[in-house]
Structures are given as C-alpha cells and as structure tokens.
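The structure appears below as structure tokens.
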Amino acid sequence: MANREQQFKYSVHKYLPSELTVEGMNNPFRRGTPDNWYSGDKADLWVEWKFVSKLPKKRLNVERLLSPMQRQWLLREYEHGRNVAVIVGSAEGGLVFPDDTWLVPATAFNWMKRADIAKWIIKQTM
C-alpha cells in the first residue's frame, strides 16, 4: 500500500549508503513526529516527507502541507538545535526545506533529482 509520498521517499533512499541509519518514525502514540530519522557519524537529521501531485504555479506553501502537530514538533526541535527538514516530492523531483525555511512560501522551484536529495541527506549526516 505504498502511496506516492512513500514511493518518492524510497526512490531517494535507494541512493543512501548502508552506513547511514534510517529509521521510520511512525508513532501512533505521539503525533507530529517526522517520518524519518537519519543518523550518521556527523549528525542526526529528522525529515518530514510530503508529496504534491499538482505542481504550484506561483508559490508553494509548505506550512499548509503540515499538520499543526508536525509544525509544532519541527519548530520546537529546531529551536532546541536539532537538524530538521521538510522534503517535498513531485513527479518533477524534490524540494528540500532545511531548518525552518518551510515557514516561508517558496516562489522559485529548483526541483532536485532524487540522487541529489540523497546527497543532501548524506552531507547533513555523514
């Protein structure tokens, strides 16, 4: 039952090295926790994955893609010094919003290839 968000995420994960710890964080008891935790020898990274099937024409309001609990979790942990990001996938590729940059609607879309998103994750963690 893989949805498009999961399919996109796994299409990025196939480029990640086996030395990188990747854990899914589905937690029915605590809502808002990002989808994945990545742990390398340099740092940890928490990522919330989203997928848009219809490409925006002028701006992408990433904050609207997140639930209130996800927004709260990401902001709180970022303020505590955690490495967090929201990655938005599409058929065109993906957009990476590190830290709290997802708060500002995106107006320029430089869609990254899946392998480049994996490289970004690696750079943050290893």
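Coordinate-derived values only; no laboratory data. Every value quoted in this text rests on a predicted model; they were computed, and no experiment measured them. Note that we place each Cβ from the backbone using ideal geometry, even for glycine, and neighbour counts take in every protein chain shown.
Near Lys113, within a Cβ-to-Cβ distance under 11 Å, what is the net charge of the other residues, with Lys and Arg +1 and Asp and Glu -1?
In short, 0.
Taking the Cα centre of the chain as origin, sum charge times position over the Cβ atoms of Lys and Arg (+1) and Asp and Glu (-1), and report the length of that vector in debye to the nearest 20.
The dipole magnitude comes to about 560 debye.
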**Q.** Neighbourhood charge, 15 Å Cβ-Cβ cut-off, centred on Pro56 and excluding it, Lys, Arg +1 and Asp, Glu -1
**A.** +4
Q. Using 7 Å Cα-to-Cβ label points, what is the Arg31/Glu77 separation (nm, one decimal)?
A. 1.7 nm
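Using DSSP, restrict attention to beta bridges with both residues in the stretch 33-125 and report what percent are antiparallel, rounded to the nearest 5.
Here the share of antiparallel DSSP bridges comes out near 65 percent.
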Q) Which order do Ser90, Ser67, Ser18, Ser11 fall in if you start with the one that has the fewest other Cβ atoms within 10 Å? A) Ser18, Ser67, Ser11, Ser90
Q: Within the set of other residues whose C-beta is less than 12 Å from the C-beta of Gly89, count the net charge using Lys and Arg as +1 and Asp and Glu as -1.
A: +1
Q: Express the C-alpha Rg of the stretch 85-126 as a ratio against the empirical globular expectation 2.2 N^0.38 Å, rounded to two decimals.
A: 1.14
Q: Assuming R0 = 25 Å, can you tell me the calculated FRET efficiency for the pair Lys123 and Glu23, based on Cβ-Cβ distance, to the nearest 0.05?
A: 0.85
**Q.** Separation of the Ala91 and Asp116 label points, Cα + 7 Å toward Cβ, nm
**A.** 2.0 nm
